[in-house]
Amino acid sequence: MRDHLWYDATQVHIGGEWRAPAGGGQIDLENPSTGEVIGSIARGTAEDIDAAVTAAQAALDGVWGHMSALERGRILTRIGQLVETRLDDLAIIEATDVGKPLTQARNDAVALARYMEFYGGAADKVHGETIPYLDGYTVYTLREPHGVTGHIVPWNYPMQIIGRSVGAALAMGNACVLKPAEEACLTALAFVALAEEAGLPPGALNVVPGLGEEAGAALTAHPGVHHISFTGSVGVGALVQAAAAKNVVQVTLELGGKSPQIVFADADLDAALPFLVGACIQNAGQTCSASSRVLIQRPVYEDLVERMGARYDAMVSAPARTDANLGPLISAKQKEIVTTYLDKGRDLRVAGMGAIAEGAPEGGHYVPATLFADVPPDHPLAQEEIFGPMQVAIPFDTEEEAIAIANGTDYGLVASVWTENGARQMRMAKAIKAGQVFINNYGAGGGVELPFGGVGKSGHGREKGFEALYGFSTLKTVAAKHG
Ligand code: NAD
């Protein structure tokens with residue numbers, strides 16, 4: 001690993017330069033697999049955020065703001081190519097920083113490269129329109145960048161979320177200030193260094209690690225920021241929206257979920273089984289789109305619960321570098337939160353439970369993967385986002401009942417329907433309240449092309465795909481009267 005040559009974890013990156021954070025503060029950097037402090041990261045403050053916003057504005061006023069869409073796209077494409085040359089390094093960095101098993105961490109790096117490739121190709125393909133209007137006028141629309149965009153990213157999928165939000169923002173010609181999560185900022189720092197090596201002008205992307213309530217809050221309240229993309233919890237999302245409202249700034253909120261998979265008795269159960277379990281326990285359940293509820297029609301309920309339970313029984317949580325299917329949780333705090341749900345579920349039927357690897361370091365944040373069965377739809381485990389490797393199975397009889405249970409939480413991020421009945425597939429896709437509905441699969445491989453976002457408390461606005469390019473730009477109508 002060449003991280004010491006490549007980026008400086010203890011500094012902020014502003015205007016193309018590495019600097020010590022203005023307040024001189026540092027935050028411990030912990031390895032979640034062991035609980036050991038392995039270094040420190042910069043504790044950026046409002047002063048650093050202010051410098052980053054100034055640098056971003058200078059980039060807009062300078063080379064970056066005057067660059068053609070074609071050239072922006074070429075730079076993004078080169079960034080993606082450079083990321084591809086460092087996939088293994090990025091995977092090791094992320095595994096160490098976040099506790100993500102190596103293969104999953106490497107997949108995130110692959111996705112980051114793919115976002116750059118996609119948005120690099122898309123940069124010069126967002127067009128305005130001409131609008132037929134009154135005689136003597138020519139009317140057209142221009143798609144323009146917002147200006148300085150703020151990006152607040154959580155710890156669970158840093159590379160993927162940076163790829164989808166910063167990638168789309170840069171493609172549209174915005175200049176970005178990125179505040180990664182305090183628990184996981186190394187790949188953000190590694191990324192900005194690669195981006196500049198690939199030709200991104202200084203100031204087009206600035207990275208300020210720091211605490212949410214300091215650097216994050218300063219970014220959301222800064223009057224020089226013109227758009228905010230926030231990915232994280234509902235509570236903080238609401239704070240971000242309120243802070244942005246004071247500056248009348250548009251916000252994209254990508255928040256939590258309690259996403260259901262609905263399995264009808266006619267489904268191909270063998271095909272469904274790996275998705276039913278895998279879509280929840282991936283990244284140790286710390287996934288916004290984790291499928292933490294499985295609704296199963298009664299004739300196949302017991303059989304499927306038993307088969308899912310057997311998979312849980314075979315699961316082992318182990319250090320990220322061993323590349324088991326399950327790593328530790330991100331922090332002691334997250335382990336405490338998840339463990340309270342084990343407690344809340346003590347009267348429920350446990351249909352399967354994994355183990356913690358023998359010899360896993362005592363200080364690592366491991367919890368056993370657990371499947372609860374026969375869970376009432378209004379139980380806290382069936383309503384609240386747990387963000388750990390815990391899943392509930394809920395039986396149902398009719399399609400109407402399945403829809404009511406599926407839609408019966410505050411969230412609406414992702415859902416899937418497993419059935420061979422084509423008419424039912426269409427009805428369910430319409431009836432379910434979610435930003436994405438999958439039929440006979442879950443996640444469709446996570447394609448960068450697929451617009452993503454929620455309804456209800458899962459948030460608003462869309463990232464990923466071409467749709468994100470509209471979100472990261474504003475529309476100007478030009479009406480010329482020429483007689
Ligand atoms: P979090 O809300 O605690 O933190 C997210 C980010 O917000 C971090 O960078 C943090 O430093 C920052 N932050 C914290 N307080 C802030 C404040 N007052 N002002 C501005 N920024 C602040 O969330 P988390 O625990 O890191 O992530 C888990 C949550 O994120 C889960 O609810 C999960 O569902 C959600 N999530 C959603 C998506 C999605 O795309 N919908 C993706 C990943 C995670």
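In whole percent, and with a 1.4 Å probe on the protein chains, what portion of the accessible area of the stretch 260-447 is carbon and sulfur?
Details: 3830 of 7430 Å².
Of all accessible area on the stretch 260-447, carbon and sulfur atoms account for 52 percent.
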Determine the percent antiparallel among the DSSP beta bridges restricted to the stretch 260-447, to the nearest 5. 15
Span from the the stretch 1-67 Cα centroid across to the the stretch 161-188 one, whole angstrom: 12
Order these peptides, 221-234, 134-147, 104-117, 67-80, by their mean beta-carbon neighbour count within 10 angstrom, highest first. 104-117, 221-234, 67-80, 134-147
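Residues of the chain: accessible area per residue at 1.4 Å, in Å²?
Working: 18490 Å² over 483 residues.
Averaged over the residues of the chain, the accessible area is 38 Å².
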So what are the three principal axis dimensions of the stretch 260-447 from its Cα atoms, in whole Å, longest to shortest? 51, 33, 30
Under a point-charge model restricted to the Cβ atoms of Lys and Arg (+1) and Asp and Glu (-1), what is the dipole moment magnitude of the stretch 114-215 relative to its Cα centre, in debye to the nearest 20? 200
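Let's see if you can work this out: charge +1 on each Lys and Arg Cβ, -1 on each Asp and Glu Cβ, no other charges. What is the dipole magnitude of the chain about its Cα centre, in debye to the nearest 20? Walk me through the intermediate numbers first.
Values: 35 positive and 55 negative charges, 208 e Å.
Once rounded to the nearest 20, the dipole reads 1000 debye.
Could you work out the mean projected area of the convex hull around the alpha carbons of the stretch 219-300, in square nanometres to one decimal?
Mean projected area for the stretch 219-300: 7.0 nm², to one decimal.
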Can you give the helix-only mean residue ellipticity at 222 nm for the chain, where every DSSP H stretch with n ≥ 4 adds -39500 (n - 2.57) and the sum goes over all residues, rounded to the nearest 500 deg cm²/dmol? -11500 deg cm²/dmol
Starting from 0.36 nm per residue, how many nanometres of slack lie between GLU400 and GLU36 once their C-alpha separation is accounted for? 126.0 nm
Going by average Cβ density within 10 Å per residue, which order do the peptides 380-390, 170-180, 150-160, 328-338 take, highest to lowest? 170-180, 150-160, 380-390, 328-338
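With a 10 Å radius around each residue's Cβ, average the other Cβ atoms per peptide and rank 361-374, 344-357, 249-262, 446-459, highest first. Working shown, then result.
Details: 361-374: 21.4, 344-357: 16.4, 249-262: 24.9, 446-459: 19.5.
Answer by packing, highest mean first, reads 249-262, 361-374, 446-459, 344-357.
In the stretch 153-206, what percent of the accessible surface is made up of carbon and sulfur (1.4 Å probe, ligands and nucleic acids excluded)? Working shown, then result.
Working: 340 of 670 Å².
Solvent-exposed carbon and sulfur of the stretch 153-206 make up 51 percent of the total.
Taking the inverse of the average 1/r across all pairs of different Cα atoms in the chain, what Kirkwood radius in Å do you get? Before the final figure, lay out the partial values.
Working: mean 1/r = 0.0433 Å⁻¹.
Radius from the Kirkwood sum: 23.1 Å.
How high is the relative contact order of the chain, in percent, with contacts defined as C-alpha pairs under 8 Å that are six or more residues apart?
Working: 1175 pairs, mean separation 89.2, N = 483.
So the answer I get is 18 percent.
Mean separation of Cα pairs under 8 Å and 6+ residues apart, divided by the residue count of the stretch 313-361: what relative contact order is that in percent? Working shown, then result.
Values: 43 pairs, mean separation 25.2, N = 49.
It comes to 51 percent, rounded to a whole number.
The values are calculated or read from the model by the stated rules, or taken from the named source; none is laboratory data. Small disclaimer: the values here were computed from a predicted structure and weren't measured. Every residue, glycine as well, gets a Cβ built from its backbone with ideal geometry; the counts of neighbours run over all protein chains shown. The accessibility values were calculated without ligands, DNA or RNA, using every heavy atom of the protein model including side chains. Shrake-Rupley method; radii C 1.70, N 1.55, O 1.52, S 1.80 Å.
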